[in-house]
Amino acid sequence: MGILSGEQTGAMDARQRFLETMRYGTPNRVPYFDQTIREETLARWYQEGFPRDRTVAEMFNLDRWEVFGVREEVPLDLYPHPDFTGHLQTRADVERWKRTHDSTRPRRYPRDWPRHVRRWAERDHPLGIRVCRGFFLSLMVGDWESLTDVLYMTCDAPDMLAEMIAFLANFLVEVLTPALEAVQFDYALFDEPIASNTAPVVGPDVFRRFMQPLYRRLCDLLDAHGVEVRIFGSHGRVQELIPVALEAGINTLWVGNIGPAGLDYVALRREYGRDLRLIGGIDMRVLEADRPVVEAEVMRVVPPLLEQGGYVPTVDGRVRRYVPYENYRAYRELIRELAEQG
């Protein structure tokens, strides 16, 4: 996910504000955050009056967030080398997959890693680390055939699949530990692209059997290094998997495409209370509508969640070209007004 930078305001810097929010404390205001605006969206906005000499972060005082492990920012290589091709069906396939996951491979960290460590020691913004690519991507799912391979394994070769996940957990711990020892991260991102808008691709029983042990292992590692915020990042209808993730040590949800998936953050807070911190929750499709519709949806979602704490309001994805600049501005200004009201 791309991150926007912005100015810091008030007595707290962005890092303190983020942590205080996620601890259900008393931040000076809610974090102002959105994912990076798409280039085609900016092109439209320039035609609608957005100043070409300003950034979105500058215009709306957005806080800076950063994550280690996302390729377009500072990369951390959790990928197989060489690229794994072919099927995952037999013992020989599994052993070949294992050989592509060598934690000692040079350049899993950026060449200028020491420079980043020094820079981050002086930061005033929240810094996260991406710790997992997700169930299916880690098992090389990229098309229907590779998806079928993994789904068959859950039924026909569950022990072999569990062995692969245990191997993956060891690999991730070995790759991540040097970073966690060198830097005090503020959050961890568990990427989990596992659902459509109608259902997760696997049910909670399968997720609990195969992925929960990996999540527990990583959360234990994060505990040992003082990383409090563990974000389950996904898209679509993941409701059925939330209890399994919470059991494993996840405490924050950040989901895209919530509208088509029927995922309501207000209802989630009623169900899970303070056990589940929330990022997002505003259906981006609403920003295409008239301003009263935008205001109605923001007012439905944001005030009750701000009052309860543990919530960062933002739309559920990178803003698309169909969103007029005036509507985006109305949404951001309303968030600011609500934050200033306390």
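Pick out the one residue from 56, 70, 94, 131 that is within 30 Å of residue 200 (Cα to Cα), β-branched (Val, Ile, Thr) and in contact with an Asp or Glu (Cβ under 8 Å, 6 or more places away or on another chain).
Every option except 94 fails the conditions.
If residue 26 meets every condition in (1) surrounded by fewer than 19 Cβ atoms within 10 Å (Cβ to Cβ); (2) assigned to a helix (DSSP H, G or I); (3) over 22 Å from the mean Cα position of the chain (by Cα) apart from one, which number is that one?
(2)
Which one of the conditions (1) at pLDDT 95 or above; (2) touching a Gly at 6+ places or on another chain (Cβ under 7 Å); (3) farther than 25 Å from residue 278 by Cβ does residue 76 fail to meet, given that it meets all the rest?
Here residue 76 clears every test but (1).
Is one or more of the residues making up segment 7-21 modelled with pLDDT of 95 or more, crowded, with 16+ Cβ neighbours inside 10 Å and over 21 Å from the mean Cα position of the chain (by Cα)?
Restricting attention to segment 7-21, the residues satisfying the condition of being modelled with pLDDT of 95 or more are 13-21.
Next, from what is left, pick out any that are crowded, with 16+ Cβ neighbours inside 10 Å: 13-21.
Right, trim to over 21 Å from the mean Cα position of the chain (by Cα) and you get 13.
Scanning segment 7-21 turns up at least one residue that is modelled with pLDDT of 95 or more, crowded, with 16+ Cβ neighbours inside 10 Å and over 21 Å from the mean Cα position of the chain (by Cα).
Just to be sure I understand the filter: pairs with C-beta atoms under 7 Å, separated by 6 or more residues or on different chains, first member in segment 230-256 and touching a residue at least 40 places away in the same chain (Cβ under 8 Å), second member basic (Lys, Arg). Which pairs pass?
Short answer, once both residue conditions are applied: 244/208; 250/230; 252/230; 252/277.
If you take the residues of segment 150-162 that are surrounded by 14 or more Cβ atoms within 10 Å (Cβ to Cβ) and in contact (Cβ under 8 Å) with a residue 12 or more places away in the chain, which of them is nearest to residue 227 (Cα to Cα)? Break it down stepwise before answering.
Quick first cut of segment 150-162, residues surrounded by 14 or more Cβ atoms within 10 Å (Cβ to Cβ) only: 150-151, 153-154, 157, 160-162.
After this cut, where a residue has to be in contact (Cβ under 8 Å) with a residue 12 or more places away in the chain as well, the list is 150-151, 153-154, 160-162.
Numbers: 150: 31, 151: 33, 153: 33, 154: 31, 160: 31, 161: 29, 162: 26 Å.
Here the answer is 162.
For segment 288-318, what are the residues that are hydroxyl-bearing (Ser, Thr, Tyr) and either touching a Pro at 6+ places or on another chain (Cβ under 7 Å) or more than 15 Å from residue 258 (Cβ to Cβ) (or both)?
Within segment 288-318, no residue meets the criteria.
Only one residue in 342, 317 is within 18 Å of residue 33 (Cβ to Cβ) and at pLDDT below 95. Which one?
Of the residues listed, the single one that is within 18 Å of residue 33 (Cβ to Cβ) and at pLDDT below 95 is 317.
Return the only residue of 115, 105, 130 being closer than 26 Å to residue 279 by Cα and of a type in the set (Lys, Arg).
Just one listed residue meets the conditions, 130.
The values are calculated or read from the model by the stated rules, or taken from the named source; none is laboratory data. Note that the coordinates shown come from a computational prediction; the quantities given were computed from them, not determined experimentally. Quick reminder, even Gly has a Cβ in these numbers, built from the backbone with ideal geometry, and neighbours come from all protein chains shown.
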